[in-house]
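Colleague: First the structure, which I've put down as structure tokens, then a few questions once you've had a look.
The values are calculated or read from the model by the stated rules, or taken from the named source; none is laboratory data. Everything quoted here is computed from the prediction, not taken from an experiment. Cβ coordinates were reconstructed from backbone atoms using ideal geometry, including for glycine residues, and neighbour counts include every protein chain displayed. Note: accessible area is taken over every heavy atom of the protein model, side chains too, but ligands, DNA and RNA are not part of it. Shrake-Rupley method; radii C 1.70, N 1.55, O 1.52, S 1.80 Å.
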Amino acid sequence: TVESIFLRAKYPERVRVGVVDQIIDGEDPVCDAPVYPCSEKPNQALCKYKDQVDVYQMEAELSVGPVFARHIGYRLYRGEYYATQSDAHVTFTTGWDMDIIEQMEGTGNEMTVLTTYLTDIQGSIDEKTGNSLRRTRPIMCNTVYEGGPQGLHLRHASQPEGPPRVQGMPQLEPWWAAGYSFSRGHFIVNVPYDPLQPMIFQGEEMSIGIRGFTVGYDFYAPERSVCFHHYAIGKNAKKRNKVKHFWENGERYPGVGKRAMSRLLGIVRMNPEKDPKEWDHTEVIFACVVETYYLFYFDFIYL
């Protein structure tokens, strides 16, 4: 991921990368170490641009999920004009940096957030040129209630991928996706990750999205994809399925996931039957009421 970020950017000298690396020391590769020694292959991104990469490394056995990790990632922000977030296991396209900036500026909206669930890497990038082979784009217009041991929450989904109907600029959509997000840097400051969300995997996206809406941000699906995800399917399944998961640490933290979900749902007014004393409450200030978001985008009666 880091190699493609720098080697395929038009202006790699302008890019700074922050990584939260949850690994088993001595077993997993270190994210800021090049594949080959720099003395042998000095043109590797992690040799040429090593001073532009900041890594926070933590022991995998202490991992409590992606939400807390992304909270740490947001704290690596240092005032850059633009900010982007992506999953690990992502490959970027040639000229991705200028492409995504041009798409954002094309909206004419300072409060634009370009965000989507990424398309799978297979069949998506020309290996010789690094250019995208796709003429379709993912857009998020679906959501469903999903249940589990932590309680009901909204989980978003993409509609069937196809050519963009809106040409020449991104298209408005109701949801925010953790897998990819690009915005002005102030989005990181104004809509921070909640650090009190241990053992949460699903649900964070509605929290960020709703809180972002209440302070004036608008979410758009990019017209063109600038990166693609290595999902655990097809030829990548065997390799990706070996990756360990944070929920293996669940016995270390019994009950914290349920309390965290109660807090998450409480902040966005989705569990009015719950007493706030049941979750670790701190004051959350909204620029407009959360219910405005629900009225603007959908009616729960028909979900």
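Colleague: Select from the stretch 189-215 the residues that are within 25 Å of Cys227 (Cβ to Cβ), part of a helix (DSSP H, G or I) and among the polar types (S, T, N, Q) and write down the one among them that is modelled with the lowest pLDDT.
Modeller: Ser207
Colleague: Which of the numbered conditions does Ala45 fail, given that it passes all the others? Conditions: (1) touching a Leu at 6+ places or on another chain (Cβ under 6 Å); (2) open to solvent by 60 Å² or more (accessible area, probe 1.4 Å).
Modeller: Going through (1) touching a Leu at 6+ places or on another chain (Cβ under 6 Å); (2) open to solvent by 60 Å² or more (accessible area, probe 1.4 Å) one by one, Ala45 breaks only (2).
Colleague: Got a number for residues in the stretch 12-42 being within 19 Å of Phe92 (Cα to Cα), part of a loop (DSSP other than H, G, I, E, B) and open to solvent by 60 Å² or more (accessible area, probe 1.4 Å)?
Modeller: Adding up the residues that qualify gives 3.
Colleague: Here's a follow-up. Mind checking which strands (runs of 3 or more DSSP E) fall wholly inside the stretch 103-188 and carry at least 1 residues that are open to solvent by 10 Å² or more (accessible area, probe 1.4 Å)?
Modeller: Qualifying strands (runs of 3 or more DSSP E): 140-146, 153-158, 180-184.
Colleague: Do we have any residue at all in the stretch 83-100 that's exposed (fewer than 14 other Cβ atoms within 10 Å of the Cβ) and assigned to a loop (DSSP other than H, G, I, E, B)?
Modeller: No, because not a single residue in the stretch 83-100 is exposed (fewer than 14 other Cβ atoms within 10 Å of the Cβ) and assigned to a loop (DSSP other than H, G, I, E, B).
Colleague: Need the failing condition index for Gly79 against (1) outside any loop (DSSP other than H, G, I, E, B); (2) under 28 Å from Arg224 (Cβ atoms); (3) open to solvent by less than 60 Å² (accessible area, probe 1.4 Å), just the number.
Modeller: Unmet for Gly79, out of (1) outside any loop (DSSP other than H, G, I, E, B); (2) under 28 Å from Arg224 (Cβ atoms); (3) open to solvent by less than 60 Å² (accessible area, probe 1.4 Å): (1).
Colleague: Further, regarding this structure: Read through the list (1) among the hydrophobic types (A, V, I, L, M, F, W, C); (2) in contact (Cβ under 8 Å) with a residue 60 or more places away in the chain; (3) open to solvent by 50 Å² or more (accessible area, probe 1.4 Å), then give the number of the only condition that Ala9 fails.
Modeller: Tallying (1) among the hydrophobic types (A, V, I, L, M, F, W, C); (2) in contact (Cβ under 8 Å) with a residue 60 or more places away in the chain; (3) open to solvent by 50 Å² or more (accessible area, probe 1.4 Å), Ala9 fails exactly one: (3).
Colleague: Right, here's the next one. Which residue pairs have Cβ atoms under 8 Å apart, sit 6 or more places apart or on different chains, and have a first residue in the stretch 61-81 that is under 9 Å from Tyr193 (Cβ atoms) and aromatic (Phe, Trp, Tyr) and a second that is open to solvent by 50 Å² or more (accessible area, probe 1.4 Å) and at pLDDT 90 or above?
Modeller: Sorted first by the residue in the stretch 61-81, then by its partner, the pairs are Tyr74/Pro192.
Colleague: Okay, next question. For the stretch 28-58, what are the residues that are within 26 Å of the chain's Cα centre (by Cα) and acidic (Asp, Glu)?
Modeller: Matches in the stretch 28-58: Asp28, Asp32, Asp51, Asp54.
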